[in-house]
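So the structure is just underneath, and the comments pick up after that.
The values are calculated or read from the model by the stated rules, or taken from the named source; none is laboratory data. Computed from a prediction, not measured in an experiment: that's the story for all the values here. Here the Cβ is made from the backbone with ideal geometry for all residues, glycine too, and neighbour counts use every protein chain on show. For the accessible areas, the whole protein counts, side chains as well, though only heavy atoms, and no ligand, DNA or RNA atoms are used. Shrake-Rupley method; radii C 1.70, N 1.55, O 1.52, S 1.80 Å.
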Amino acid sequence: MKQLSGFIAPYKKPITLAVIFMLLDVICEVIQPTLMTNIVGKGIQSQSAGYIVGTGLLMIFVAFLAILAGFGNARCSAVAGVGFAAKLRRGLFAKVQEFSFHNIDHFSTASLATRLTNDVTQMQNAAIMSLRIMLRAPMMFVFALIMAIRMNASLAIILVVVIPLLAVAMFLIIRRAMPLFGGMQTRMDALNSSVQENLTNVRVIKSFVRQNYEKEKFKDANNGLTAASLKAMNAVILSMPLMMLTMNLSSVAVVWFGGGQVITGQLNVAQMTAFINYIFQILISLMMVSMMFVMFSRASASYKRIIEVLDAEIDLENSSSAGERPIRGNVSFENVSFQYDPANPEPVLKDISFTARAGEVIAIVGGTGSGKTSLVQLIPRLYDVSAGRVLLDGVDVREYTIESLRGQIGMVLQKNTLFSGTIRDNLKWGNEHAAEEEIVEAAKAAQAHDFIMSFPKGYDTWMEQGGVNVSGGQKQRLCIARAILKKPPVLILDDSTSAVDTATEAKIRQAFHTVLRDTTTFIIAQRISSVKDADRIIVLSDGRISAVGTHEELLATSGEYQEIYESQLGKEANA
Ligand SMILES: Nc1ncnc2c1ncn2[C@@H]1O[C@H](COP(=O)(O)OP(=O)(O)OP(=O)(O)O)[C@@H](O)[C@H]1O
Ligand SMILES: [Mg+2]
C-alpha cells in the first residue's frame, strides 16, 4: 500500500470522520437490544409507564442518531473514496505522460485505458466499501459479543459452537470463490481490450469486412465473462442460506437452553430476545467480513495492475548533469549500436558512425526493417543508444535536458497523427506563440496552404481525432507544416512524403531550401527522387551503413543503391 499512501493522505480528515461516524453507528445499533430488554424487563414488570415512555423515547433518539451517523459515514466514505480515485487517476495519467517510448511499447494502449478507468473504479469501490463495512463488521462483532457475554455468559457458550462453524463454512466458500472472482476480472479485461481494439480500429475492420469475425470475437469474450461471473456467483450462492440456517439454529438453541433459565427465573423473556438479536449481529458481521474478502480479492487484481503502471521504471530521464543548450545543428553518431530489447542478441543498429554538419541535408535509404526509423529516433532521444554516442554540436544528447533537446528538434514521425481541434490549433503544436503569417508561411512551405484555403473554414477547419477527415497526403503535409513552424535547427522527416505526389514533393523540397536553409535535415524516403539532391545519402542495410555518398557517388560505387535506383527508374521517368 506504500505506493498508494500519497493518494490516500489528503483524505485523512474524511477518513477519520467516517470511522468516528461508524463507531457511533455501531454503538447505537448495539445498545438498542439492551434498551428493549430494559423496557420489557424493568418497565413492564414494574408497570412504570414513565420508564417505558422514557426508554422508548431514548430508543427513538438512538435510532435517529444511528441514521445520522450512517449518513455521515456514507458521505465521508464517498468523499474520501471518490477523491482518492480522482487523485489516483491523475497520478496514473501523469505517470503515463512521463513514459518513454520503451515504456509505451511495454503496455498496450487498451490496457492503459482500462487501468486508468476500470481498475481505478474497482479501487474506488473497495475504498468506499472498506470505510463503510470493513471496520464496522469487526467493531460490531466485538461490541455485540461483549454485550452478549455480559448479558448471559452461560448462553454465550452457544456462540463458541456457532461462530467457528460459520467461520469455517465461510472460509471454505471464500477459498473456492476467490480464484473464481480473479478469473472473472481477467475475463473483464479480455472483454475491455476486445472492445477498445475494435473501436480504435473500426475503419480497418470495416474495410476488411471483418464485422462478423469481430462480432464472434466479442461474443466469445462476452460469453466468457458471463460464464466466469456465473461460476463465481454460484460459488458464493450457498453463503446466504447457510447464514440463515445458522441464525435460525442459534435462535432455536437460545430458546432451548434459555427456556430452562426463564422457567427457573435466571433469565427473562426480554433478555432472551435481546440475546438472539446479539447473535444475529455477530453472525451478520462475520458474514460481512467474508464478503469483504471477496471484494478485496477482486480489487487486488486491479491494485496490481495500477501499481505496475505507478512502479514502471522510466528508463529515459534527465541526467543530473543535463542542461539547456541551444543547438546549432551538427549531428554525429559514434559507433552507435541499438536494440529495443536488451535480451535480444541481435542489435537493430550496428556500429553506426557518421557526421552531419549544420545545414546539411542527409538522406537515409534502405529496405524496410533496415533500421532507418530506429536510427533517427536516437537523435531526439525517443530511445537511448545501447552503445556508442549520439552527439549534437559535439555534446552527447544525454547531456541535454529532454525538453531542450526535443524542443529544438522537429520530427515528423512515420506514424504521425493530428489531434482533434482546428487546423490552426494543430499547427500551433509546433510553436504555440506563432503569428498568423508564420503559420501561413509554414503551411505554404509544406504545400498545405492551398488545400487548407480550399476548405470553407480554412485554418479554422475542425480536425477529427487522428486527422481522419483529411486525405493521407494532406495529413502528411500538415504534419510537415507543424514541424517547420518549430523552426528547428534539426528536422527529421521519416517517410513523411510517401503519400504526396512527386511534383508536390519536389515543391516541398524546394521550399525547404529557403525556409530551412540552416536546418540540418534528415530525410528518410523510399523514392530515389526524394533523396537524390541530398548532400549525403546513407544506405542502411540490416542495421549497418553499407554506403555513404552523394547520389552520383553512390550510383558509381554502391551496388545496393544502384539496385534501388534501377528498380525505380521506370517510375521515375514517368514522374
Ligand atoms: N518498438 C519496437 N520494439 C521492438 N522492435 C522494433 C520496434 N520498432 C521496430 N522494431 C524492429 O527494429 C527493426 C528496424 O525497424 P525500423 O522501424 O527502424 O525499420 P525501418 O527501416 O524504419 O523500416 P520501414 O522502412 O518499414 O519504416 C525491425 O526489425 C523492427 O521489427
Ligand atoms: Mg521506418
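Only helices (runs of 4 or more DSSP H) wholly contained in region 176-274 count here; list those with 3 or more residues that are small (Gly, Ala, Ser) and under 24 Å from the mean Cα position of the chain (by Cα). Please lay out each step first, then the result.
Values: elements: 202-207, 211-237, 239-263.
By residue number, 211-237.
Take the conditions within 22 Å of SER541 (Cα to Cα) and either within 16 Å of ligand 2 (Cβ to nearest atom) or surrounded by fewer than 21 Cβ atoms within 10 Å (Cβ to Cβ) (or both) and apply them to GLN465. Does it pass? Lay out the reasoning, then the answer.
Details: within 22 Å of SER541 (Cα to Cα): no; either within 16 Å of ligand 2 (Cβ to nearest atom) or surrounded by fewer than 21 Cβ atoms within 10 Å (Cβ to Cβ) (or both): yes.
No: the conditions fail for GLN465.
Taking ARG482 as the residue in question, decide whether it is open to solvent by 20 Å² or more (accessible area, probe 1.4 Å), of a type in the set (Lys, Arg) and in contact with a Ser or Thr (Cβ under 9 Å, 6 or more places away or on another chain). Let's see the steps before the verdict.
Numbers: open to solvent by 20 Å² or more (accessible area, probe 1.4 Å): yes; of a type in the set (Lys, Arg): yes; in contact with a Ser or Thr (Cβ under 9 Å, 6 or more places away or on another chain): no.
Criteria not met by ARG482.
If you scan region 436-454, which residues turn out to be free of Cβ contacts under 8 Å to residues at least 24 places away in the same chain and open to solvent by 40 Å² or more (accessible area, probe 1.4 Å)?
So in region 436-454, the residues free of Cβ contacts under 8 Å to residues at least 24 places away in the same chain come out as 436-437, 440, 449-450, 453-454.
Once the filter is applied, which keeps residues that are free of Cβ contacts under 8 Å to residues at least 24 places away in the same chain and open to solvent by 40 Å² or more (accessible area, probe 1.4 Å), region 436-454 yields GLU436, GLU437, ASP450, MET453, SER454.
Return the residue satisfying two criteria in turn: it lies in region 380-401 and is within 16 Å of ligand 1 (Cβ to nearest atom) and part of a loop (DSSP other than H, G, I, E, B), and of such residues it is farthest from SER529 (Cα to Cα).
Once the filter is applied, the top-ranked residue is SER386.
Residue-by-condition table, conditions (1) in contact with a Leu (Cβ under 6 Å, 6 or more places away or on another chain); (2) among the hydrophobic types (A, V, I, L, M, F, W, C); (3) in contact (Cβ under 8 Å) with a residue 60 or more places away in the chain; (4) closer than 30 Å to ILE149 by Cα:
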position: GLU197; (1), (2), (3), (4): no, no, yes, no
position: ASN212; (1), (2), (3), (4): no, no, no, no
position: THR226; (1), (2), (3), (4): no, no, no, no
position: MET233; (1), (2), (3), (4): no, yes, no, no
position: ILE237; (1), (2), (3), (4): no, yes, no, no
position: LEU242; (1), (2), (3), (4): no, yes, yes, yes
position: GLN271; (1), (2), (3), (4): no, no, yes, yes
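Considering only residues that are among the charged types (D, E, K, R) and in contact (Cβ under 8 Å) with a residue 40 or more places away in the chain, look in region 76-127 and name the one that is nearest to GLY182 (Cα to Cα). Give the derivation first.
Quick first cut of region 76-127, residues among the charged types (D, E, K, R) only: 87, 89-90, 95, 98, 105, 115, 119.
So of that shortlist, the ones also in contact (Cβ under 8 Å) with a residue 40 or more places away in the chain come out as 87, 95, 98, 105, 115, 119.
Details: LYS87: 25, LYS95: 26, GLU98: 30, ASP105: 26, ARG115: 16, ASP119: 13 Å.
Looking at residues that are among the charged types (D, E, K, R) and in contact (Cβ under 8 Å) with a residue 40 or more places away in the chain, I get ASP119.
Can you pull out every residue in region 290-311 that is β-branched (Val, Ile, Thr) and farther than 19 Å from GLY81 by Cβ?
If we filter region 290-311 for residues that are β-branched (Val, Ile, Thr), which is where we start, we get 294, 306-307, 309.
If the condition is that a residue be β-branched (Val, Ile, Thr) and farther than 19 Å from GLY81 by Cβ, then VAL309 is the only one that fits.
Quick test for you: out of LYS428, LYS415, pick the one residue that is within 16 Å of ligand 2 (Cβ to nearest atom) and on the phi < 0 side of the Ramachandran plot.
Numbers: LYS428 fails: within 16 Å of ligand 2 (Cβ to nearest atom).
Just a single option satisfies the conditions, and that option is LYS415.
Is one or more of the residues making up region 482-490 under 23 Å from TYR383 (Cβ atoms), assigned to a strand (DSSP E or B) and either free of Cβ contacts under 8 Å to residues at least 24 places away in the same chain or over 29 Å from the mean Cα position of the chain (by Cα) (or both)?
Of the residues in region 482-490, the ones under 23 Å from TYR383 (Cβ atoms) are 482-483, 486, 488-490.
With the extra rule that they be assigned to a strand (DSSP E or B), the set shrinks to 490.
Going one step further and asking which of them are either free of Cβ contacts under 8 Å to residues at least 24 places away in the same chain or over 29 Å from the mean Cα position of the chain (by Cα) (or both), we end up with 490.
Yes, because at least one residue in region 482-490 is under 23 Å from TYR383 (Cβ atoms), assigned to a strand (DSSP E or B) and either free of Cβ contacts under 8 Å to residues at least 24 places away in the same chain or over 29 Å from the mean Cα position of the chain (by Cα) (or both).
Name the one entry in ASP494, ASP501 that is more than 16 Å from ligand 1 (Cβ to nearest atom) and either surrounded by 18 or more Cβ atoms within 10 Å (Cβ to Cβ) or over 34 Å from the mean Cα position of the chain (by Cα) (or both). Walk me through it before giving the result.
Working: ASP494 fails: more than 16 Å from ligand 1 (Cβ to nearest atom).
Being more than 16 Å from ligand 1 (Cβ to nearest atom) and either surrounded by 18 or more Cβ atoms within 10 Å (Cβ to Cβ) or over 34 Å from the mean Cα position of the chain (by Cα) (or both) holds for just one of ASP494, ASP501, which is ASP501.
Looking at (1) open to solvent by less than 20 Å² (accessible area, probe 1.4 Å); (2) touching a helix residue (DSSP H, G or I) at 6+ places or on another chain (Cβ under 9 Å), can you tell me which one TYR565 breaks?
Here TYR565 clears every test but (1).
Could you please find all residues in region 364-395 being away from ligand 2 (no atom under 16 Å from the Cβ) and among the hydroxyl-bearing types (Ser, Thr, Tyr)? Reasoning before the result, please.
So in region 364-395, the residues away from ligand 2 (no atom under 16 Å from the Cβ) come out as 381, 384-395.
Correct list: SER386 only.
Within region 516-550, work out how many residues are in a helix (DSSP H, G or I) and either crowded, with 22+ Cβ neighbours inside 10 Å or within 13 Å of ligand 1 (Cβ to nearest atom) (or both). Break it down into steps so the answer makes sense when it comes.
First pass over region 516-550, keeping only residues in a helix (DSSP H, G or I): 528-531.
Remaining after also requiring either crowded, with 22+ Cβ neighbours inside 10 Å or within 13 Å of ligand 1 (Cβ to nearest atom) (or both): 528, 530-531.
Summing the residues that are in a helix (DSSP H, G or I) and either crowded, with 22+ Cβ neighbours inside 10 Å or within 13 Å of ligand 1 (Cβ to nearest atom) (or both) in region 516-550 gives 3.
Working carefully through the options GLY543, GLY467, GLY559, find the one that is closer than 27 Å to ASN431 by Cβ and small (Gly, Ala, Ser).
Numbers: GLY543 fails: closer than 27 Å to ASN431 by Cβ; GLY559 fails: closer than 27 Å to ASN431 by Cβ.
None of the other options fit; the residue is GLY467.
Of everything in region 409-424 that's in contact with a strand residue (DSSP E or B) (Cβ under 8 Å, 6 or more places away or on another chain) and open to solvent by 30 Å² or more (accessible area, probe 1.4 Å), which residue is modelled with the lowest pLDDT? Steps first, answer last, please.
Start the filter on region 409-424 by keeping residues that are in contact with a strand residue (DSSP E or B) (Cβ under 8 Å, 6 or more places away or on another chain), which leaves 409-414, 418-423.
Among the residues that remain, those that are also open to solvent by 30 Å² or more (accessible area, probe 1.4 Å) are: 411, 413-414, 419-420.
Values: MET411: 89, LEU413: 86, GLN414: 83, PHE419: 88, SER420: 88.
Only one residue fits best here, namely GLN414.
Test of understanding: among SER320, SER300, which residue is open to solvent by less than 70 Å² (accessible area, probe 1.4 Å) and of a type outside the set (A, V, I, L, M, F, W, C)?
That would be SER300, the only listed residue that is open to solvent by less than 70 Å² (accessible area, probe 1.4 Å) and of a type outside the set (A, V, I, L, M, F, W, C).
State the number of residues belonging to region 281-294 that are closer than 21 Å to THR34 by Cβ and either in contact with a Ser or Thr (Cβ under 8 Å, 6 or more places away or on another chain) or free of Cβ contacts under 8 Å to residues at least 12 places away in the same chain (or both).
Within region 281-294, residues that are closer than 21 Å to THR34 by Cβ and either in contact with a Ser or Thr (Cβ under 8 Å, 6 or more places away or on another chain) or free of Cβ contacts under 8 Å to residues at least 12 places away in the same chain (or both) number 1.
Every residue in region 337-379 that is assigned to a loop (DSSP other than H, G, I, E, B), near ligand 1 (Cβ under 9 Å from one of its atoms), within 31 Å of the chain's Cα centre (by Cα) and surrounded by 20 or more Cβ atoms within 10 Å (Cβ to Cβ), please.
VAL348, GLY371
Write out, first by first residue and then by second, each pair whose Cβ atoms fall under 9 Å of each other, whose residues are 6+ apart or on separate chains, and whose first residue, in region 408-419, is closer than 8 Å to CYS479 by Cβ and in a strand (DSSP E or B) while the second is at pLDDT below 90 and of a type in the set (Asp, Glu).
Correct list of pairs: VAL412/ASP495.
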